[in-house]
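To start, the structure itself, in structure tokens.
Values quoted throughout were computed directly from the atomic coordinates according to the rules given, and no laboratory measurement underlies them. None of these values were measured; they are calculated from a predicted model. Reconstructed Cβ throughout: ideal geometry from the backbone, glycine too, with neighbour counts over all protein chains shown.
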Amino acid sequence: MNSTEKGSGRKLWGRTTRNRVFRSLSIVWLTVSVLPAAFATPAQSQQPPVAQPPATGISAAQQLPKQQWTGSLNGTVVDRSGDQVVGALVTLTREDRSPKQEVLSGDNGQFTFANLVPGTFSITITARDFTTQTFSGILHPGESYMVPPITLALVTATTRLQVVATGTEVAEEEVKLQERQRVLGVLPNFYVSYVPDAFPLSSKQKFELAWKTTIDPVTIILTAVTAGIEQARNDYSGYGQGAQGYGKRFGAAYADAAIGTFIESAILPSILKQDPRYFYKGTGSKRSRILYAIANLVVCKGDNKRWQPNYSNFFGSLAAGGLSNLYYPKKDRGVGLTFENAAIGFGLGAVVNLAQEFVLRRFTPNLPHYDPAQSARSPDPSKDAVPSGDRRP
């Protein structure tokens with residue numbers, strides 16, 4: 001290498017060396033002055049993080065102090081007129097099945113529940129003489145929930161009045177129906193009951209029914225016709241003819257009807273406590289119904305609704321026949337004639353009963369409802385005709 005090259009080489013090396021030194025110093029300067037500023041932010045970002053509480057799934061509101069997130073309920077209990085209800089029991093229940101709480105409404109009807117955990121709630125309000133009311137809602141954290149005024153209605157008083165008619169009143173209604181019973185709508189048929197288990201008649205009702213039968217216009221008309229027939233045939237000739245004879249025959253016939261009706265259907269039945277009516281059977285075989293109709297001549301229902309010997313019919317016929325000796329002509333009197341007329345009366349009674357059982361009902365309007373099943377359950381006197389004294393309770 002020549003000197004020139006050597007000189008230039010030294011210059012180049014010196015410049016290079018100087019440059020290296022300068023760069024070194026620059027790097028040192030940059031390191032001292034620039035790098036601290038450059039690393040200032042990262043240093044700050046590398047500060048240790050603030051400790052966070054572990055995640056528990058609880059909302060931020062619930063992480064507040066208890067006094068900041070519990071709530072309260074307030075309300076008033078009034079009646080329909082707007083007056084406060086004092087002493088009403090207010091029961092608070094929660095959806096989480098926590099123990100229920102109870103308070104009484106104060107003098108101003110108000111109630112309060114404090115320090116309540118938020119959530120769904122239900123209150124029930126009860127008070128004496130008032131209907132029960134309920135209210136439900138949702139309480140939010142820190143909320144003072146104002147329950148709308150709870151209006152209680154008075155309990156409606158329900159009184160059940162059971163009216164039970166007495167036996168006499170029921171019998172009176174049944175008699176009124178019987179008094180409307182007329183064959184072909186004309187002939188009185190008052191002494192037949194189409195109610196198998198009819199209530200017994202009182203003594204007053206027995207006399208009233210006998211009186212009504214006696215003064216019935218049809219009874220009087222039939223008596224007048226009978227007296228006319230007897231006069232035309234000159235029966236009881238001792239009465240004579242003419243108006244006087246007709247009057248005596250009419251009086252005797254009417255006395256027979258009235259005395260017989262009162263003794264057999266009112267006086268003796270009241271004394272012996274027996275029912276003078278014929279109780280329509282209407283069910284069973286024809287033979288059983290025939291026997292039933294005939295048996296009713298010698299047996300009847302007592303006021304105790306049991307079958308017993310028909311003393312009223314038997315002794316009533318003899319008594320009425322005996323009294324008739326007082327007003328019939330002398331030749332038409334006597335004990336024998338009395339028993340003979342009683343026997344004829346029994347025979348006619350059998351015919352009437354058979355007609356009642358098989359014929360007359362068909363021609364009698366205004367009948368009460370008849371229940372064959374009830375009649376079938378009633379005892380049959382033709383099978384049970386024994387003296388009442390021999391019966392067992």
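Whose amide H sits under 5 Å from the amide H of Ser193, counting only residues 5 or more places off or on another chain, with H placed in the peptide plane?
Hits under the 5 Å cutoff: Tyr278, Phe279, Tyr280.
From the Cα trace of the stretch 167-390, what convex hull volume per residue do you get, rounded to a whole Å³?
Convex hull volume per residue, Cα atoms: 129 Å³.
List the residues, sorted by chain then number, that are 5 or more residues from Trp307 or on another chain and whose placed amide H is less than 5 Å from its amide H.
Gly302
Putting +1 on Lys and Arg Cβ atoms and -1 on Asp and Glu Cβ atoms, find which of Thr213, Gln178, Ala252 reaches farthest to the positive end of the dipole of the stretch 167-390.
Ala252
Given just the C-alpha atoms of the stretch 70-152, how large is their convex hull per residue in cubic angstrom? Walk me through the numbers on the way to the answer.
Working: hull volume 6.5 nm³, N = 83.
Per-residue hull volume (Cα only) is 79 Å³.
When the convex hull of the C-alpha atoms of the stretch 270-344 is computed, what volume per residue in Å³ does it have? Could you put the intermediate results ahead of the total?
On the way: hull volume 8.2 nm³, N = 75.
It is 110 Å³ per residue.
Is there a quick way to get the dipole size of the stretch 202-260? I mean about its Cα centre, with the Cβ of Lys and Arg at +1 and of Asp and Glu at -1; what is the value in debye to the nearest 20? Before the final figure, lay out each step's value.
On the way: 6 positive and 5 negative charges, 23 e Å.
Using Cβ point charges on Lys, Arg, Asp and Glu, the stretch 202-260 gives about 120 debye.
Step through the residues of the stretch 310-323 one at a time and calculate ³J(HN,Hα) from phi using the Karplus curve (6.51 cos²θ - 1.76 cosθ + 1.60, θ = phi - 60°), rounding each to whole Hz and writing x for Gly and Pro.
Result, ordered by residue: 8, 5, 4, 5, 5, 6, x, 5, 5, 5, 5, x, x, 5 Hz.
What's the local net charge at Gly109, with K and R +1, D and E -1, over the other residues with C-beta under 10 Å away? Please list the in-between numbers first.
Details: positive: none; negative: Asp79, Asp83, Asp107.
Net local charge, Gly109 excluded: -3.
Mind sorting Ser324, Ser285 by how few other Cβ atoms lie within 10 Å of their own Cβ, fewest first? All intermediate terms of the calculation are to be shown ahead of the outcome.
Values: Ser324 19, Ser285 8.
Fewest to most other Cβ atoms nearby, the residues stand as Ser285, Ser324.
How do Tyr311, Tyr239 line up, fewest other C-beta atoms within 10 Å first? Mind dumping the intermediate values first?
Numbers: Tyr311 15, Tyr239 24.
Fewest-to-most Cβ neighbours within 10 Å comes out as Tyr311, Tyr239.
Quick one: Karplus J couplings for the stretch 228-242, per residue in order, coefficients 6.51, -1.76, 1.60, θ = phi - 60°, nearest Hz, x for Gly and Pro?
So the J values, rounded to whole Hz, are x, 5, 4, 5, 5, 8, 6, 5, 6, 4, x, 7, x, 10, x.
Under a point-charge model restricted to the Cβ atoms of Lys and Arg (+1) and Asp and Glu (-1), what is the dipole moment magnitude of the stretch 70-152 relative to its Cα centre, in debye to the nearest 20?
160
Assuming R0 = 35 Å, what is the FRET efficiency of Asp216 and Asn304, from their Cβ-Cβ distance, to the nearest 0.05? Intermediate values should be presented prior to the final figure.
Values: r = 30 Å, r/R0 = 0.85.
For R0 = 35 Å, the calculated efficiency reads 0.70.
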